[in-house]
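The values are calculated or read from the model by the stated rules, or taken from the named source; none is laboratory data. Nothing here was measured: the structure is a model prediction, and the numbers come from that model. Cβ atoms come from the backbone with ideal geometry, glycine included; neighbour counts cover every protein chain shown.
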Amino acid sequence: MAQFQFQPRWKEELVCSHPAGTFVLDMPMGLVSVILPSEKSWPHHSPAWAKSLWPQLHAELATWCASNKIPLHVEDNVRVW
């Protein structure tokens, strides 16, 4: 069962909501894509409540991106807001 909800918003952001909280990922609009920190770097950039949720987030975000035809990039040094 999906727990994350994704909502694009102005200024190249993707709001990621979960019952435990919310954070924002970069979603550049020049060439629309979503950028997610790698699993290795996730604990250093994620909110404390989400540190163990990377596998679930990645799976649900990959499904959302595919259904919206938006590339998903996983990178090491990406900020989470």
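Does P47 meet the test of being surrounded by 11 or more Cβ atoms within 10 Å (Cβ to Cβ), touching a helix residue (DSSP H, G or I) at 6+ places or on another chain (Cβ under 9 Å) and modelled with pLDDT of 90 or more? I'd like the intermediate steps shown before the answer.
Working: surrounded by 11 or more Cβ atoms within 10 Å (Cβ to Cβ): yes; touching a helix residue (DSSP H, G or I) at 6+ places or on another chain (Cβ under 9 Å): no; modelled with pLDDT of 90 or more: yes.
Criteria not met by P47.
Mind counting the residues in the stretch 66-80 that are at pLDDT 90 or above and either under 15 Å from P37 (Cβ atoms) or acidic (D, E) (or both)? Before the answer, list the steps.
We begin by selecting, within the stretch 66-80, every residue at pLDDT 90 or above; these are 66-74.
Imposing the further condition that a residue be either under 15 Å from P37 (Cβ atoms) or acidic (D, E) (or both) reduces the set to 72-74.
Here the count works out to 3.
Is there a residue in the stretch 11-34 that is surrounded by fewer than 12 Cβ atoms within 10 Å (Cβ to Cβ) and of a type in the set (D, E, K, R)?
Among the residues of the stretch 11-34, at least one is surrounded by fewer than 12 Cβ atoms within 10 Å (Cβ to Cβ) and of a type in the set (D, E, K, R), which makes the answer yes.
When the stretch 55-81 is examined, which residues are found to be loosely packed, with under 11 Cβ neighbours inside 10 Å and either closer than 17 Å to P8 by Cβ or among the basic types (K, R) (or both)?
Passing the criteria: S67, K69, R79.
Does the stretch 22-30 contain any residue that is charged (D, E, K, R) and in contact (Cβ under 8 Å) with a residue 24 or more places away in the chain?
To start, the set of residues in the stretch 22-30 that are charged (D, E, K, R) comprises 26.
From what's left, in contact (Cβ under 8 Å) with a residue 24 or more places away in the chain: 26.
Within the stretch 22-30, one or more residues are charged (D, E, K, R) and in contact (Cβ under 8 Å) with a residue 24 or more places away in the chain.
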